[in-house]
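Only one structure is covered here, and it is reproduced in the block below.
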Amino acid sequence: MKNRVIVYGYTSLGSKIAITLKDKDYEVLVVDFDEDNLLKAKKDEFKTYNYTLLNDDELISLGIENKIDSIFCVSKSDKNNLFVTLSVRNLNRNLKIISVSKTKAESKKLLVAGATKVLNPNDLGALKIYRNLTKPLMTKVLDDILFTKSDLNISQIYINKNSIFNQKFLKNIKVHKQFNILLLGIMDKELGDKFIFKTKGINHKIDEGDILVIVGKNNDLQRFRQYVEGTVNGTI
Amino acid sequence: MKTSIVKFFYFLDNSSFYTDFKAFTKNILENSKYKYKKYFDFFMIFLVISTIGILIYEVNHPHLALFDNYEYAAIIIFIIEWLGRLWVYNDTRKIVIQDYEESLFLASNYNLKNSIKKAFNEKLKFIFSPMSIIDLLAILPAYRPLRVLRIFLLFRLFKILRYTNSLKEFLHIFKERKFELYTLVILSTVVIFFGSTIMFIYEGPVGQNPNVNNFFDAVYWSLITISTVGYGDIVPITPEGKFVTLILVINGFLVIAFSTSILTTALAERMEHIKQNRIESEVEKLKEFIIICGYRTISKSLIEELIKIKKKILIVDENPEKIALAKEQNYLAVCGDCTDMDFLEKIGVGKTAVTIICLFENDAINLSAVLGARTLDANIKIVTLVNNIEVESKLKLAGANFLINPNQISAMVASEYIGQPVAFDALYGILLNEDISAEVDEIEIVEGMQIIGFDINQIDFDDYNIVLIGVIDTKQNHKFIFNPTNIKYTIKQNDILIVIGYKSSIKELKTNFFNNKFLKVQDEK
């Protein structure tokens, strides 16, 4: 099944997100209350809905309770974004909600309202320039890994019961080297929901529910995943 | 004779020592932007103040021979300075050579006298300029028989004006407000004249007012009254005199209010100019700084980051309010139009600025600024914001090195995030400086590192708790080689290793690269 996402607000940012997601084979539903934006979205061949999403019925009719994977609140109205974030979180505990804010105060509010991730285009832009000024070559490499459809990619592997890594120690894992894969670190449920770098030097026992983060070439990643025999969570 | 003089001038023109020395003298005397001028100025101010101090001291103290010598030494320096100014005021040799070449070209007879006269006239212009007269008056009292002229020593105080820029600016105000000040002077002269005439007519005759004996007393009285000083040594007695006093007092208010407002408004206006000049001269002192055009939210985030790594920044914006905000944060900021090439040149584009970042919301302004900067400097690094994707190619064409589209980045980040949040958080978290436990960094292989020429597998990165992501091969057009530990890769100079790890461990590895400690311990095996 294709992952279904809602883009709330076909703004300049919203349209970019929708197009990027479409390229990655997501099923994108565009919701907006602005006629012009809706027309644009239709022109770009998206499924559009003329909703404000300010009442729960509209959200439920879109299947927010079980049929949607994530929602992007990027409409031109900050108030609406906040409201939608709150009501979506109310209806569904597990949905990924990504919102946008231009100021730090606003992003705090959104996080309290239940947003999973708040993006700040100003900060992102500023940091990008900063990286480019200070370490241009490195930034390019990382961008290649993260964003472009180059051969190199970053990926995550979910450890389940049957995985060969289950009950093993992080430091003892050397097998990834045969696959030409880098192991960056782990997210461990027992140590909180934070990502821990392998470089921290801890020797931790891997068990069910942990997530390994790896970098490598696409083919190698595929092979490595099959080798680990874990179920694949997320796509490349 | 004539030809030998012309030859001599040609010789001077060709002598690099002569021209350099003259340029140096001119710089130290006239060019307020010259580095060493301030030392010269300090020295001269000290000289002036010390000689005046001696004058004051000698009024009621015994005469000391040492002070005389000091005075003479000071005078000699003043004379040399004045002669230097006279010398650099214009170039006689250039006039002679130009005239001579012109006459050669026209095949007419060359007249040396004419050129000398021309040059001399220009020198005269300098001699009779107010500043030169002040200089001369400051030298004059040294001539013993004219001891009466000692009072002119105070003219040396005016000399100080020469050495301080801010006072010069103040004098400028008088020049700028000539018209208003003239009106003021004429108005008060008329009032004073009327007042003193009436006073003299009614109280001047013998016996009327014992204090008003001549017209000068009347003028003195009216000036003291109109200025609202009012000593009270001369007071009107007759009703007519008292009436005139009333009018003078009211006028006095007007004159003072008028003159104060003229001077304060002019000063305020001038102040802006002075500030601007100060920033420009400050910018000139900066080396390798970054110009940020447009002070907005995105600029603020960027500046915060850049300040952390101690970069020098100049903020430019058209909006004075935004400049005021930037100044509140103690940033160096200047108000001006970035699309104006003259302005860009003034703030150091093409000279000491190494990077210019255009962060305007309007792509047209960005484009214009990029184009202007590129025209002024072929090497400057230009970073610009792109708000509309269609303009991207135009901005590239205009010469921008790096384009940034915040919406595009946010969209990519957002879409990447929903796919694999953990992996994404991992790498982007450190990119955003959110996670301080580890950071992505580059290690540049520089000359002197012992590692050069070794196989990369001989370094045990695990031992340092560092993950090596890859190597950028600078020699091969910055090719990125991922995870080179599986192949045999020999480290070359100028390679860049990209690693993830603790700041301290990365530092340790870097220092170890300079000695042989980096090698895997093989002897034990």
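The values are calculated or read from the model by the stated rules, or taken from the named source; none is laboratory data. Given the structure is predicted, the values throughout are model-derived calculations rather than measurements. Positions of Cβ are generated from backbone atoms using ideal geometry, with glycine treated the same way; all protein chains shown enter the neighbour counts.
Checked against the criterion of being within 11 Å of another protein chain (Cβ to nearest Cβ) and among the basic types (Lys, Arg), the candidates A:Lys161, A:Lys171, A:Lys108 yield just one match: A:Lys171. So A:Leu82 ticks every box in (1) in a helix (DSSP H, G or I); (2) out of contact with any Lys or Arg (no Cβ under 7 Å at 6 or more places or on another chain) but one. Which box is left unticked? Exception for A:Leu82: condition (2). Taking the condition within 7 Å of chain B (Cβ to nearest Cβ), outside any loop (DSSP other than H, G, I, E, B) and modelled with pLDDT of 75 or more, does A:Leu184 pass? Spelling it out, A:Leu184 is indeed within 7 Å of chain B (Cβ to nearest Cβ), outside any loop (DSSP other than H, G, I, E, B) and modelled with pLDDT of 75 or more.
State whether the residues of the stretch B:356-364 include one that is among the aromatic types (Phe, Trp, Tyr), crowded, with 21+ Cβ neighbours inside 10 Å and either within 14 Å of chain A (Cβ to nearest Cβ) or more than 30 Å from A:Ile98 (Cβ to Cβ) (or both). Among the residues of the stretch B:356-364, at least one is among the aromatic types (Phe, Trp, Tyr), crowded, with 21+ Cβ neighbours inside 10 Å and either within 14 Å of chain A (Cβ to nearest Cβ) or more than 30 Å from A:Ile98 (Cβ to Cβ) (or both), which makes the answer yes. Look at the stretch B:221-241: where a residue is charged (D, E, K, R) and a partner is assigned to a helix (DSSP H, G or I), sitting 6+ places away or on another chain with Cβ atoms under 6 Å, you get B:Glu240/B:Tyr202. Of all the criteria given as (1) on the phi < 0 side of the Ramachandran plot; (2) touching a strand residue (DSSP E or B) at 6+ places or on another chain (Cβ under 7 Å), the one not satisfied by B:Gly399 is (1). Across the stretch B:462-479, the qualifying residues are those that are surrounded by fewer than 20 Cβ atoms within 10 Å (Cβ to Cβ) and at pLDDT below 80, and the one among them that is nearest to A:Lys217 (Cα to Cα) is B:Lys479. Inside the stretch A:56-68, can you point out the residues that are surrounded by fewer than 17 Cβ atoms within 10 Å (Cβ to Cβ), assigned to a loop (DSSP other than H, G, I, E, B) and out of contact with any helix residue (DSSP H, G or I) (no Cβ under 8 Å at 6 or more places or on another chain)? Passing the criteria: A:Gly63, A:Asn66, A:Lys67.
A:Ala115 meets the conditions (1) surrounded by fewer than 21 Cβ atoms within 10 Å (Cβ to Cβ); (2) touching a helix residue (DSSP H, G or I) at 6+ places or on another chain (Cβ under 6 Å); (3) assigned to a loop (DSSP other than H, G, I, E, B) in every case but one. The failed one is (1). Exactly one condition in (1) within 8 Å of chain B (Cβ to nearest Cβ); (2) free of Cβ contacts under 8 Å to residues at least 60 places away in the same chain; (3) within 23 Å of B:Asp441 (Cα to Cα) is not met by A:Lys96; state its number. Among (1) within 8 Å of chain B (Cβ to nearest Cβ); (2) free of Cβ contacts under 8 Å to residues at least 60 places away in the same chain; (3) within 23 Å of B:Asp441 (Cα to Cα), the lone unmet condition for A:Lys96 is (3).
Looking across B:Leu136, B:Leu124, B:Leu146, one residue alone is modelled with pLDDT under 80 and either assigned by the TED database to the domain that holds B:Trp82 or within 26 Å of the chain's Cα centre (by Cα) (or both). It is B:Leu146.
Would the stretch A:14-29 turn up any residue that is more than 12 Å from every other protein chain (Cβ to nearest Cβ) and at pLDDT 85 or above? Scanning the stretch A:14-29, I find at least one residue that is more than 12 Å from every other protein chain (Cβ to nearest Cβ) and at pLDDT 85 or above, so the answer is yes.
For the stretch B:441-493, the set of residues classified as closer than 20 Å to A:Lys174 by Cβ, of a type in the set (S, T, N, Q), at the interface with another protein chain (Cβ under 10 Å from one of its Cβ atoms) and not in a loop (DSSP other than H, G, I, E, B) consists of B:Thr485, B:Asn486, listed by residue number. Taking the condition of a type in the set (Gly, Ala, Ser), surrounded by fewer than 23 Cβ atoms within 10 Å (Cβ to Cβ) and farther than 15 Å from A:Ser70 by Cα, does A:Ala126 pass? When the stated conditions are applied, A:Ala126 does not pass them.
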